[in-house]
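Take a look at the structure below.
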Amino acid sequence: MGLEERVPNLHNEKEKAQTLTLSVHAFSDLTYVSPVVFLYLLKECYIHGSCKATKKFKILQQQVHRVLYNSPQPGPATFVIQCLHVLPIFGLYSEGFSHLIVSALRRFLKLVPTSEDTLQAKVLAANLFIDVVGGLVNHDERIVVKILEGFDVRLTHIEEAIYRLKAQNDNRFDTAKTFVEQYIYKFVESQSYMTAVTLLEHFSIRQSGQSFLLKMMQNKQFKAAEKWATFMGKPMLCALVKEYVDRNMLKHAYETIKKNNLKEEFPDVYHKCTESSLKNLAEKALWDIAEAKTHGDRQLVEYLVYLAMEAGYSEKVDELCDRYSLEGFLKGKELEASLPHGRYLQLNELVVEGFVWVDEVDGLCDATCHIEGCKVVGIDCEWKPNYEKGSKPNKVSIMQIASDKKVFVFDLIKLFEDVPDSLDNSLTRILQSPRILKLGYNFQCDIKQLAHSYGELKCFKHYEMLLDIQNLFREPRGGLSGLAKKILGVGLNKTRRNSNWEQRPLSQNQLEYAALDAAVLIHIFHHIHNHPHPQPASVSEGHDKIEWKSYIVSYMDNFKKPKKGPKSKKASEGEIKQH
């Protein structure tokens, strides 16, 4: 089980055989292996390992954890302390190996019962700490902290070590507490506040007053200040919140209040911070997250309703009012009537015949015939957002394809379940046609999502004549809505962007929102095609023509096994070619 399996790429076979023999012998039985020999072999394994440094460190840490079971003398914990005493002579490797063996020992100690060895090691670790402070052994402060925490060295152990030194007529020390406080004070003076706080907390030494907290705040050491205040308790946490509020650091104040359950102490601050957070979420159309953040608090829910009213999100207003039995708010239709006309771009301003919902085979055939007669179409997709970190995104729910006259909204979920072959054939005729220019915005995202959602369909593996409108502009801001406002003079209402696109039926507002995202692409394209624009991505200022044709691309999935090298990996995920 030794480290011999992890030591490839030695200079020659003879040297390799010798080193492997040493590794097998040394690490399979540590009874007669000294700390110096152990560390030397560890160094050889690290030097000759072929992995990257981080991976080698993890492998060696795992192996050291295992070899601690192989009878190191006089015991695993004591053996590690002895290693730490001599590690500084290994120069550049000292810090890394110190972290490695202390981490391995901590894992080891979690799995074995307390023994005479571990109790003895605490006092030896206290001795090592004294030697480091006295300059006899050179270890970095981070290693010192790790040793104290790893061996759980307390003031009583340091007191015992000092008592033994005094018995040897070494009278350099007063008490363990004074000795430790003097050591910590050096870190305070050098403004290494996090180290100072970690040590104060570890030894349960409490400073009086708020001066220490204020020093950390003045030096912008907010994490250290929070750690210190948490250790000191509620009065110091309240002082920390007040400092945050005085400095207008409301986000920090809010997080501290929430984490430490200080809502009753700071109700106004909590609500003010929460309302600010809700507003940010509403601006990003993350309504479900915003609602969850209210925790049913009536005052916060009412504020969220006002945000929905301000955004013109009428069905969200009705939904919240019904769910929380709120009265006195405008209903959806009343809200829409009260909003200023033309505040956002409307679908009827762009397409004459509106949208068509497509969820069965006859509608699919009619839509395909209509689209095949077009030279230019706009394409967009929608899917239900997934807010769980690390989870897979939901399937694409609908695809919108717009012509000059109408927008077809394809129910991909239902069509894929009912008529997958017909859906595949129809979309292949559209997406792979070299005669139809397909417009999109951030096309790569939609392509990737469609392929992941419907990998069985061939239509989403190959595209022809794609033009991503986003690529025509230098540093586009505000997304598609911002671009529409810049080009057409009116933006899009994006409040429904993250709504539930899997519900059936979709609301009228959802359908109009979806259709509008596809239809606006055609109008932006016609404006670019027929009028000069001052900030194209492809030409310098002063030119009056966007060379949009050079941005037309095709896309094809490459399902061959990737060869070595980044280029092959990229090709395996999908290849885009410029026309």
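The values are calculated or read from the model by the stated rules, or taken from the named source; none is laboratory data. None of the values given here were measured: they were computed from a predicted structure. Glycine gets a Cβ as well: all are built from the backbone with ideal geometry, and neighbour counts include every protein chain shown. Just the protein is used for accessible areas: all its heavy atoms, side chains included, with ligands, DNA and RNA removed. Shrake-Rupley method; radii C 1.70, N 1.55, O 1.52, S 1.80 Å.
In nm, what is the difference between 0.36 nm times the number of residues separating Lys258 and Asn442 and their Cα-Cα distance?
62.5 nm
Taking 0.36 nm per intervening residue step and subtracting the Cα-Cα distance, what contour gain separates Arg164 from Arg429 on full extension?
Computed gain between Arg164 and Arg429 is 86.6 nm.
Give the separation of the Cα centroids, region 449-510 to region 131-182, in Å.
With region 449-510 and region 131-182 each reduced to a Cα centre, they are spaced 64 Å.
I want to check the label-to-label distance for Val490 and Lys549. Put each point 7 Å from Cα in the C-beta direction and report it in nm to one decimal.
Spacing of the two 7 Å Cα→Cβ label points: 3.3 nm.
Per residue, how many Å² of accessible area does the chain show with a 1.4 Å probe?
53 Å²
Mind checking the full-extension length gain between Tyr306 and Lys458? Use 0.36 nm per residue of separation minus the Cα-Cα distance, one decimal, nm.
Extra length from Tyr306 to Lys458 when fully extended: 50.1 nm.
Beyond 25 Å between alpha-carbons counts as too far, so tell me which of Lys438/Lys458; Lys485/Lys549; Lys284/Lys577; Lys227/Lys258; Lys405/Lys461 fall in that bin.
Check vs 25 Å cut-off fails for Lys284/Lys577; Lys405/Lys461.
Any idea how far the Cα center of region 194-226 sits from the one of region 363-412, in Å?
Cα centroid to Cα centroid, the span is 56 Å.
Could you tell me which of rounded, prolate or oblate describes region 139-189, using a ≥ b ≥ c as the square roots of the eigenvalues of the alpha-carbon gyration tensor, with rounded for a/c under 1.5 and, failing that, prolate when a/b is larger than b/c and oblate otherwise?
Oblate, since a/c reaches 1.5 and b/c is not below a/b.
Which sequence of Cys369, Cys381 reflects their accessible areas, 1.4 Å probe, from the largest down?
Solvent-accessible surface, decreasing: Cys369, Cys381.
Would you please give the FRET efficiency between Leu92 and Asn70, computed as 1/(1 + (r/R0)^6) with r the Cβ-Cβ distance and R0 = 35 Å, to the nearest 0.05?
The pair Leu92/Asn70 has a calculated efficiency of 0.80.
Using a Förster radius of 51 Å, what is the FRET efficiency between Arg504 and Ile205 based on their Cβ-Cβ separation? Nearest 0.05, please.
Using R0 = 51 Å, I get an efficiency of 0.20.
Val356 accessible area, nearest 10 Å², 1.4 Å probe?
Here the accessible area works out near 50 Å².
In the chain, if the dipole is taken from +1 on Lys/Arg beta carbons and -1 on Asp/Glu beta carbons about the Cα centre, which of Ser190, Leu30, Gly491 is farthest to the positive end?
Farthest towards the positive end: Leu30.
Of the listed pairs Lys215/Lys263; Lys55/Lys392; Lys220/Lys242; Lys263/Lys392; Lys223/Lys389, which have alpha-carbon separations greater than 23 Å here?
Lys215/Lys263; Lys55/Lys392; Lys263/Lys392; Lys223/Lys389, as the Cα separations exceed 23 Å there.
Under a plain spin-label model, where a point goes 7 Å from the Cα along Cα-to-Cβ, how far apart in nm are Thr156 and Asp297?
4.4 nm
Kirkwood Rh, the chain, all Cα pairs: how many Å?
30.3 Å
Would you mind working out the magnitude of the charge dipole of the chain relative to its Cα centre, with +1 at each Lys and Arg C-beta and -1 at each Asp and Glu C-beta, to the nearest 20 Debye?
Approximately 1740 debye in magnitude.
Share of the chain's accessible area from carbon and sulfur, percent, 1.4 Å?
50 percent
Would you pull out the residues with amide H under 5 Å of Val376's amide H, same chain only if 5 or more places away, H placed 1.01 Å from N?
The list, which skips near neighbours in sequence, is Leu437.
Sum -39500 (n - 2.57) across every DSSP H segment of at least 4 residues in the chain, then divide by the residue count to get the 222 nm mean residue ellipticity, nearest 500.
-17500 deg cm²/dmol
Identify, among Leu326, Ile379, Ile469, the residue whose Cα sits farthest towards the positive end of the charge dipole of region 321-473, taking +1 on the Cβ of Lys and Arg and -1 on the Cβ of Asp and Glu, with the dipole about the Cα centre.
Of the listed residues, the answer is Ile469.
With a/c under 1.5 counting as rounded, go ahead and sort region 115-247 into rounded, prolate or oblate using the C-alpha gyration tensor (a ≥ b ≥ c being the square roots of the eigenvalues; past the cut-off, prolate if a/b is larger than b/c, else oblate).
Taking the square roots of the gyration eigenvalues as a ≥ b ≥ c, region 115-247 is prolate.
For a quick check: with amide H placed at 1.01 Å from N, whose amide H comes under 5 Å from Val396's, ignoring anything fewer than 5 positions away on the same chain?
Ser453
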